[in-house]
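The block underneath contains the structure these notes are about, expressed in structure tokens.
The values are calculated or read from the model by the stated rules, or taken from the named source; none is laboratory data. None of these values were measured; they are calculated from a predicted model. Every residue, glycine among them, receives a Cβ derived from its backbone with ideal geometry; neighbour counts consider all protein chains shown.
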2 protein chains.
Amino acid sequence: MAEKKFVEEITSMEEDFAKWYTDICKKAELIEYTSIKGCMVLRPYGYAIWENIQKILDTRFKELGHENVCMPMFISESLLQKEKDHVKGFAPEVAWITHGGGEKLEERLCVRPTSETLFCEHYANTVHSYRDLPKLYNQWVSVVRWEKTTRPFLRTREFWWQEGHTIHATAEEAMEETRRMLDVYADFCENSLAIPVIKGRKTESDKFAGAEATYAIEALMHDGKALQAGTSHYFGDGFARAFDITYTSKDNQKVYPFQTSWGVSTRLIGGIIMTHGDNNGLVLPPAVAPVQVVIIPVAQHKAGVLEKCRELVKQLSAFRVKLDDSDNSAGWKFAEYEMKGVPVRIELGPRDIENNNCVMVTRHNGKKEVVSLENIEKTLELKLKEVRDGLYEKARENREKRTYVCRSMEEITACLAQMGDGFVKAMWCGREECEDKVKEVTGVSSRCIPDSQEHFDDRCVCCGRKAEYMLYWGKAY
Amino acid sequence: MAEKKFVEEITSMEEDFAKWYTDICKKAELIEYTSIKGCMVLRPYGYAIWENIQKILDTRFKELGHENVCMPMFISESLLQKEKDHVKGFAPEVAWITHGGGEKLEERLCVRPTSETLFCEHYANTVHSYRDLPKLYNQWVSVVRWEKTTRPFLRTREFWWQEGHTIHATAEEAMEETRRMLDVYADFCENSLAIPVIKGRKTESDKFAGAEATYAIEALMHDGKALQAGTSHYFGDGFARAFDITYTSKDNQKVYPFQTSWGVSTRLIGGIIMTHGDNNGLVLPPAVAPVQVVIIPVAQHKAGVLEKCRELVKQLSAFRVKLDDSDNSAGWKFAEYEMKGVPVRIELGPRDIENNNCVMVTRHNGKKEVVSLENIEKTLELKLKEVRDGLYEKARENREKRTYVCRSMEEITACLAQMGDGFVKAMWCGREECEDKVKEVTGVSSRCIPDSQEHFDDRCVCCGRKAEYMLYWGKAY
């Protein structure tokens, strides 16, 4: 029973969620470890998911007028230090180059942990007049942060991402951009990845280093922990002042422009695993699945079976389709593509062919149907939509089930103990002191001040003072 | 005369070729310098050319069965040292990370100068059986080599490239792959970039560090200097032995597999500039031009002109088309898109519209034609082919004119003095001693042993011994 063994090798999520997670990363061949801690190899299957994410987002960014660029990977120590909050946030976790070409460098260089300072240097060189604005830039690169605890996709020392960087004539325009890109991320997560997200603003203590405001989308994983899936920052003119970026306005004044930055990373792949995966392995949303439908011949040695399968591949060329005509057993193949999270499996054998049918199995719910080969393209198209909707609904239900309205710290503690980890909705006075105390006492930290505010209590869950906001709290990846 | 000024700002290539080159890099907005020597910003227009190069090659690689992956950017010192020729070649020019997260690292890490060692580590972890072979991998990343003298695109400390890495069961398969990918590069350069290339093998002294054989394509630039435009390496089983990569063959033997690697880089953009550019700026081959055709309205304030231009944009949606309806003068626009090397310019004014015509100007030869708007898509399609052919022919003629057959070292020296730099074809005995001496005496170094061997002399151009090969020699970028 080879196929049995294939599946047995992964730990069940109920037994050990963290182990289940890394088992999937390895067994679905998304990544491989290297001899350097926190640095992973993105294998073909994992990289193909990232390529699909890139394609969808890149198209969307360009539709909105953004242009791709590429900044260097190095930042000199003096450049990093120009904006004081920014350096305070990032300097402790950078990797430093001290030698190049056999010689000690005059000044240390770090590998970019993020590229605000590089974009600022470039703006200072190229932005002079209101005619030069806005600049809407993006880059697809990897960045390095020297994390102590690392996990594939979720927290690695090097990770791949896109970072958008824009510069505008007015604060309003920059703020609009900040919110627009958060919406793009939310829309992408919900529609393409089938991951429901909460849109909101980070508290002061949780902002990006150097930002005036940070907005984020927050998702709830299967185990009840929160994942920050994307962020969008509004910088005001703080970076412009620190880097002396000015432009001449229409009325001939030297003024400071306003900036934003926004990013999503390979972390999204971790989010996909922990939102949709199950004990048989990965479950992929169709929009980013490297293989959307796998065709498995049944009794493939029988006359006509492989021919019909190949015909079907051609017929389904609008999809990412794969025919597995290897000599592995059908059962082995079933288990393999389940592990790899292929959304739809088509089984095709002599009897199906006779009846002009095939068997269609959807990965996320195991549902098996006999469908006609007539109009199979249309059937599959609808099926993939159904899969996305099914995944989304399942994830949304999990999130609803695990979202708790709490009116006191005792209630938070009791709720989490009884129901397990999840999102806690609780009122907050807006003071960092209370934010810290809630975390200290209950273990959940503030996730965001959601756009959709509710008002179920007038008082702060911690101090009892007048509440300013309803906050989402949770344990975070 | 604003348009006049725009053009005057670049140095003529006859006056100072190197200055002409960097002027184009800056004025065509391909790159911007940064405060770190040898690290450049790829600006939107420069990056868009690279994206087009990527799209064409990536599609081709995938058609041939290659899969994209991504290795980490760091290599530990001990990993780099595993293959002795490789480390000897690269260690002197790497950048070293010594600190991360505020602490001194136990072992230094370098930023990849190339990734053979990382792929080898990964192969050792994942290749076990003949069923695992071949692996046909590629990655699109940047690499770092601490060059002393740097120039945009041609030699930068960080540069963007693709590196293909493959591993095969047999030497024959690996050698086939090595040659196949050289052919892919040659075909891409000639057909997509309109750059004629010589295919050949590097001499022993000029091989990639760790390779058994290095193949290259060599192009001749406008100034008569040679540019190595792409390389493909055959490693035999040398890396496999150094990294202890083995697989179990069909007959159950532990054996070493065979490897290749191959790459082209942003250097190709330097090659485009120096092959096709002129004193009005950049000249781009249509296949990679970010804008293939620019539409310039004439008397755009007149009724119907802009409407007709917009209609034309829609009609030409199969191309990368741009309408410039800014309030700059037509003359300014002409100069700007000449500088940016847009292959075709369409001028459209009231009289043209009346006659259902437009004026079509090709950048590379300045030819101006009145063409009918009837069937303009077809006309443009043919025109872009014509542009590619025209560029190629011009470059080929320059190369022919500057390729000299020489039978003695004196002849080489005289030829170069009289005709200027170029390719020298001369017979060679195969000994490094003579290779070195030719370089020392005449200033040209061996470029490659071309696939198409000629035999115009029996004796080595240097020592007079029996000649083994005809070699291409030249001064190289």
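Condition check ((1) among the polar types (S, T, N, Q); (2) buried (at least 18 other Cβ atoms within 10 Å of the Cβ); (3) in a helix (DSSP H, G or I); (4) in contact with a Ser or Thr (Cβ under 8 Å, 6 or more places away or on another chain)) across all residues:
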position: A:A414; (1), (2), (3), (4): no, no, yes, no
position: A:Q418; (1), (2), (3), (4): yes, no, yes, no
position: A:A426; (1), (2), (3), (4): no, yes, no, no
position: A:E435; (1), (2), (3), (4): no, yes, yes, yes
position: A:V438; (1), (2), (3), (4): no, yes, yes, yes
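What single numbered condition from (1) without any contact (Cβ under 8 Å) to a residue 24 or more places away in the chain; (2) surrounded by fewer than 19 Cβ atoms within 10 Å (Cβ to Cβ); (3) in contact with a strand residue (DSSP E or B) (Cβ under 9 Å, 6 or more places away or on another chain) fails to hold for B:Q253?
Looking at each condition in turn, B:Q253 falls short on (3).
Rundown of residues vs (1) in contact (Cβ under 8 Å) with a residue 40 or more places away in the chain; (2) within 25 Å of A:P286 (Cβ to Cβ), yes/no style:
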residue: A:V371; (1), (2): no, yes
residue: A:T379; (1), (2): no, yes
residue: A:Y392; (1), (2): yes, yes
residue: A:A395; (1), (2): yes, yes
residue: A:R399; (1), (2): yes, yes
residue: A:C415; (1), (2): no, no
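For the stretch B:357-380, which positions are within 28 Å of B:H222 (Cβ to Cβ), of a type outside the set (A, V, I, L, M) and not in a strand (DSSP E or B)?
To start, the set of residues in the stretch B:357-380 that are within 28 Å of B:H222 (Cβ to Cβ) comprises B:360-369, B:380.
Okay, now just the ones that are also of a type outside the set (A, V, I, L, M), so B:362-369.
Selection gives B:R363, B:H364, B:N365, B:G366, B:K367.
Which number in (1) buried (at least 23 other Cβ atoms within 10 Å of the Cβ); (2) of a type in the set (D, E, K, R); (3) touching a Phe, Trp or Tyr at 6+ places or on another chain (Cβ under 7 Å) marks the one condition that A:E177 misses?
(3)
Which residue is farthest from the chain's Cα centre (by Cα), if the candidates are limited to the stretch A:139-171 and must be β-branched (V, I, T) and closer than 16 Å to A:W262 by Cβ? Write out each step before concluding.
To start, the set of residues in the stretch A:139-171 that are β-branched (V, I, T) comprises A:141, A:143-144, A:149-150, A:156, A:166-167, A:170.
Okay, now just the ones that are also closer than 16 Å to A:W262 by Cβ, so A:141, A:143, A:166-167.
Details: A:V141: 15, A:V143: 15, A:T166: 21, A:I167: 24 Å.
My answer is A:I167.
If we scan the stretch A:77-87, do we find a residue that is assigned by TED's automatic domain parsing to the domain that holds A:A186 and in contact with a strand residue (DSSP E or B) (Cβ under 8 Å, 6 or more places away or on another chain)? Walk me through it before giving the result.
Going through the stretch A:77-87, the residues assigned by TED's automatic domain parsing to the domain that holds A:A186 turn out to be none.
No - not one qualifying residue is present in the stretch A:77-87.
Going through the stretch B:129-140 one residue at a time, which ones are of a type in the set (F, W, Y) and part of a helix (DSSP H, G or I)?
Filtering the stretch B:129-140 down to residues of a type in the set (F, W, Y) leaves B:130, B:137, B:140.
Matches in the stretch B:129-140: B:Y130 only.
Looking at the stretch A:19-47, which of the residues that are in contact (Cβ under 8 Å) with a residue 24 or more places away in the chain, over 21 Å from A:R145 (Cβ atoms) and more than 10 Å from chain B (Cβ to nearest Cβ) is surrounded by the most Cβ atoms within 10 Å (Cβ to Cβ)?
A:I24
Given (1) part of a loop (DSSP other than H, G, I, E, B); (2) in contact (Cβ under 8 Å) with a residue 12 or more places away in the chain, where does A:G464 come up short, assuming only one miss?
A:G464 satisfies all of (1) part of a loop (DSSP other than H, G, I, E, B); (2) in contact (Cβ under 8 Å) with a residue 12 or more places away in the chain except (2).
Can you tell me how many residues within the stretch A:109-128 are within 8 Å of another protein chain (Cβ to nearest Cβ) and either in a strand (DSSP E or B) or farther than 14 Å from A:F74 by Cα (or both)?
Here is the first cut: in the stretch A:109-128, the residues within 8 Å of another protein chain (Cβ to nearest Cβ) are A:109, A:111, A:118, A:121-122, A:125-126.
If we keep only those that are either in a strand (DSSP E or B) or farther than 14 Å from A:F74 by Cα (or both) as well, we get A:109, A:111, A:125-126.
Of the residues in that region, 4 qualify.
Based on this model, can you work out whether B:R145 counts as surrounded by fewer than 24 Cβ atoms within 10 Å (Cβ to Cβ), in contact with a helix residue (DSSP H, G or I) (Cβ under 6 Å, 6 or more places away or on another chain), within 14 Å of chain A (Cβ to nearest Cβ) and at negative phi? Write out each step before concluding.
Numbers: surrounded by fewer than 24 Cβ atoms within 10 Å (Cβ to Cβ): yes; in contact with a helix residue (DSSP H, G or I) (Cβ under 6 Å, 6 or more places away or on another chain): yes; within 14 Å of chain A (Cβ to nearest Cβ): yes; at negative phi: yes.
Yes, satisfied.
If you go through the stretch B:94-108, how many residues are at the interface with chain A (Cβ under 7 Å from one of its Cβ atoms) and out of contact with any Gly (no Cβ under 8 Å at 6 or more places or on another chain)? Spell out the reasoning first.
Residues of the stretch B:94-108 that are at the interface with chain A (Cβ under 7 Å from one of its Cβ atoms), as a first pass: B:95-102.
If we keep only those that are out of contact with any Gly (no Cβ under 8 Å at 6 or more places or on another chain) as well, we get B:97-102.
Total satisfying the criteria: 6.
Looking at the stretch B:221-240, I want the residues that are closer than 13 Å to B:E116 by Cβ and have a partner that is assigned to a helix (DSSP H, G or I) and among the polar types (S, T, N, Q) with Cβ atoms under 7 Å, at least 6 apart or on another chain. Which pairs are those?
Pairs that qualify, where the first residue is closer than 13 Å to B:E116 by Cβ and the partner is assigned to a helix (DSSP H, G or I) and among the polar types (S, T, N, Q), are B:H233/B:T178; B:Y234/B:T178.
Filter the stretch B:129-142 for residues that are farther than 20 Å from B:M181 by Cβ, more than 9 Å from chain A (Cβ to nearest Cβ) and either of a type in the set (F, W, Y) or in contact with a strand residue (DSSP E or B) (Cβ under 6 Å, 6 or more places away or on another chain) (or both) and give the result. Give the steps one after another, and end with the answer.
Restricting attention to the stretch B:129-142, the residues satisfying the condition of being farther than 20 Å from B:M181 by Cβ are B:129-132, B:142.
Those left that are additionally more than 9 Å from chain A (Cβ to nearest Cβ): B:129-132.
B:S129, B:Y130 - these are the residues of the stretch B:129-142 that are farther than 20 Å from B:M181 by Cβ, more than 9 Å from chain A (Cβ to nearest Cβ) and either of a type in the set (F, W, Y) or in contact with a strand residue (DSSP E or B) (Cβ under 6 Å, 6 or more places away or on another chain) (or both).
Could you say which residue among A:V305, A:V313 is aliphatic (A, V, I, L, M) and touching a helix residue (DSSP H, G or I) at 6+ places or on another chain (Cβ under 9 Å)? Explain how you work it out, then say what you get.
Working: A:V313 fails: touching a helix residue (DSSP H, G or I) at 6+ places or on another chain (Cβ under 9 Å).
Testing whether each residue is aliphatic (A, V, I, L, M) and touching a helix residue (DSSP H, G or I) at 6+ places or on another chain (Cβ under 9 Å) leaves just A:V305.
Starting from the stretch A:66-86, take each residue that is away from chain B (no Cβ under 12 Å) and list its partners that are part of a loop (DSSP other than H, G, I, E, B), counting only C-beta distances under 6 angstrom and pairs at least six apart or across chains.
Note: pairs meeting the criteria are A:E83/A:G210; A:D85/A:A209; A:D85/A:G210; A:H86/A:A209; A:H86/A:G210.
Only one of (1) away from every other protein chain (no Cβ under 12 Å); (2) not in a helix (DSSP H, G or I) is not met by B:M175, so which one is it?
B:M175 satisfies every listed condition except (2).
So which of A:I346, A:I353 is touching a residue at least 40 places away in the same chain (Cβ under 8 Å) and part of a strand (DSSP E or B)?
On the way: A:I353 fails: part of a strand (DSSP E or B).
Selected residue: A:I346, the only one of A:I346, A:I353 that is touching a residue at least 40 places away in the same chain (Cβ under 8 Å) and part of a strand (DSSP E or B).
Given the structure, is B:A303 over 30 Å from B:S115 (Cα atoms), in a loop (DSSP other than H, G, I, E, B) and of a type in the set (A, V, I, L, M, F, W, C)?
Yes.
Against the conditions (1) out of contact with any Gly (no Cβ under 9 Å at 6 or more places or on another chain); (2) under 21 Å from B:R399 (Cα atoms), where does B:A318 fall short? Just the number, please.
(2)
Condition test on B:A395, is it closer than 22 Å to B:T214 by Cβ and crowded, with 20+ Cβ neighbours inside 10 Å? Let's see the steps before the verdict.
Numbers: closer than 22 Å to B:T214 by Cβ: no; crowded, with 20+ Cβ neighbours inside 10 Å: yes.
No.
Sort out which residues of the stretch B:277-288 are in a helix (DSSP H, G or I) and surrounded by 23 or more Cβ atoms within 10 Å (Cβ to Cβ), and write them in order of number.
Step one: of the stretch B:277-288, the residues in a helix (DSSP H, G or I) are B:286-288.
Once the filter is applied, which keeps residues that are in a helix (DSSP H, G or I) and surrounded by 23 or more Cβ atoms within 10 Å (Cβ to Cβ), the stretch B:277-288 yields B:P286, B:V288.
I'd like to check something: does the stretch A:153-171 contain any residue that is of a type in the set (V, I, T), in a strand (DSSP E or B) and under 25 Å from A:I269 (Cβ atoms)? It would help to see each step written out before you state the result.
Here is the first cut: in the stretch A:153-171, the residues of a type in the set (V, I, T) are A:156, A:166-167, A:170.
Applying the additional criterion that residues be in a strand (DSSP E or B) yields A:166-167.
Narrowing further to those that are under 25 Å from A:I269 (Cβ atoms): none.
No, there is no match, as no residue in the stretch A:153-171 is of a type in the set (V, I, T), in a strand (DSSP E or B) and under 25 Å from A:I269 (Cβ atoms).
If you scan the stretch A:83-107, which residues turn out to be at pLDDT below 95, surrounded by 18 or more Cβ atoms within 10 Å (Cβ to Cβ) and more than 26 Å from the chain's Cα centre (by Cα)?
Selection gives A:E83 alone.
If A:L268 satisfies all but one of (1) surrounded by 22 or more Cβ atoms within 10 Å (Cβ to Cβ); (2) part of a strand (DSSP E or B), what's the number of the condition it fails?
Looking at each condition in turn, A:L268 falls short on (2).
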